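The values are calculated or read from the model by the stated rules, or taken from the named source; none is laboratory data. Given the structure is predicted, the values throughout are model-derived calculations rather than measurements. Counting neighbours? That spans all protein chains shown, and the Cβs are built from the backbone with ideal geometry, glycine included.
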Amino acid sequence: MNKSPGIAAAFAAIALGGLGVAPSAAANPFDCLILPNQTVELRSPVEGLIDKVLVQRGDRVRAGQVLVQLESAAETSAVQLARHRADAQGRLASAESRLDYATKKLDRSRDLQARNFVTAQARDEAEAEKRIIEAELRDARENRQQAALELRHAQDLLQRRVLRSPFDGVVVDRMLNPGDLAESGTGRKPILKLVQVEPLRVEAVLPLAAYGKLQAHGTADVMPEGLGGAYAAKLKVIDSVFDTASGTFGVRLELPNAAGKLPAGIRCKVDFPALRGMSGAALMRGTTYK
């Protein structure tokens, strides 16, 4: 069974605990763990001094909320300069006006040349002048497009110095403060640690005899340890790779937690309606333990 290192020890504890089979005739409930749906260590993509950390440990955050700002005076100035260039209209307006004049001049030259009032050379010169101004106009338009791209690039660099929450969640730790140096890279110290607790993730280990009796998107009742009550959860993952030593496979459930009442990181029991008709002996038959 493929499990992440952070919960491997917890799974081992569940397996060694006898798979959570109750002493009654029914094989439910099974032991389980309630875990955050996601855990993220927030690091900066660029190196820089931290200007502001806008949250504290325990704060609830929303997806997209600004959490950290790096010092960004140079990047802000670059955006202002790029915006000024992108908004500049003088060169483009001048080229458009000159092209309009050159077009009218060429029309007059053609008319006069047709009536032999001017030479063919004068008409050719007017045509050449128009082509030159048309090229200048294309150049002015290309420069403006380039200025717009430079503005977008400068804005992107500025946004890299603003760190936002990737999801609705909770700040569980704050490692750096204003004035600290934020360094980029996975090996560097994170600024914040966030967890997503809506929905929660429930992990359980079942004996092989239960395999094939559960279906994805089925329901189960999760009972948190020490809190009381039962909460409906939906079966999301049924592992198809088994643990040979213990004769078990893992399942994952999704537990809604919109009100944030349930904490993560606690033990629980999970009751599968699909397994209630089977005796504990039937489920345990053929299961081996280390």
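A residue that is closer than 20 Å to G58 by Cβ and of a type in the set (D, E, K, R) occurs somewhere in segment 198-210. Which ones in segment 52-73 are farther than 20 Å from K193 by Cβ and surrounded by 12 or more Cβ atoms within 10 Å (Cβ to Cβ)? Answer for segment 52-73, where residues must be farther than 20 Å from K193 by Cβ and surrounded by 12 or more Cβ atoms within 10 Å (Cβ to Cβ): E71, S72.
Does segment 183-194 include one or more residues that are assigned to a loop (DSSP other than H, G, I, E, B) and among the acidic types (D, E)? Yes, because at least one residue in segment 183-194 is assigned to a loop (DSSP other than H, G, I, E, B) and among the acidic types (D, E). When L214, L200, L158, L208 are screened for being of a type in the set (A, V, I, L, M, F, W, C), touching a residue at least 40 places away in the same chain (Cβ under 8 Å) and under 30 Å from A82 (Cβ atoms), only L158 passes. For segment 205-230, taking the residues that are aliphatic (A, V, I, L, M) and under 23 Å from G169 (Cβ atoms), the one that is surrounded by the most Cβ atoms within 10 Å (Cβ to Cβ) is identified as V222. Residues of segment 266-273 include none that is surrounded by fewer than 20 Cβ atoms within 10 Å (Cβ to Cβ), on the phi > 0 side of the Ramachandran plot and out of contact with any strand residue (DSSP E or B) (no Cβ under 6 Å at 6 or more places or on another chain). All of I133, I191 fail the test of being modelled with pLDDT under 95, surrounded by 15 or more Cβ atoms within 10 Å (Cβ to Cβ) and either assigned by TED's automatic domain parsing to the domain that holds R60 or more than 19 Å from the chain's Cα centre (by Cα) (or both), apart from I133. Checking each residue in segment 137-148 for being loosely packed, with under 12 Cβ neighbours inside 10 Å and within 34 Å of the chain's Cα centre (by Cα) picks out only Q145. Could you list all residues from segment 152-182 that are more than 30 Å from D221 (Cα to Cα) and in a strand (DSSP E or B)? Selection gives V162, L163, R164, D173, R174, L181, A182. Cβ separations smaller than 7 Å between residues 6+ apart or across chains give the following pairs from segment 231-260 residues that are farther than 28 Å from V170 by Cα to residues that are in a loop (DSSP other than H, G, I, E, B) and of a type in the set (K, R): A245/K290; S246/K290.
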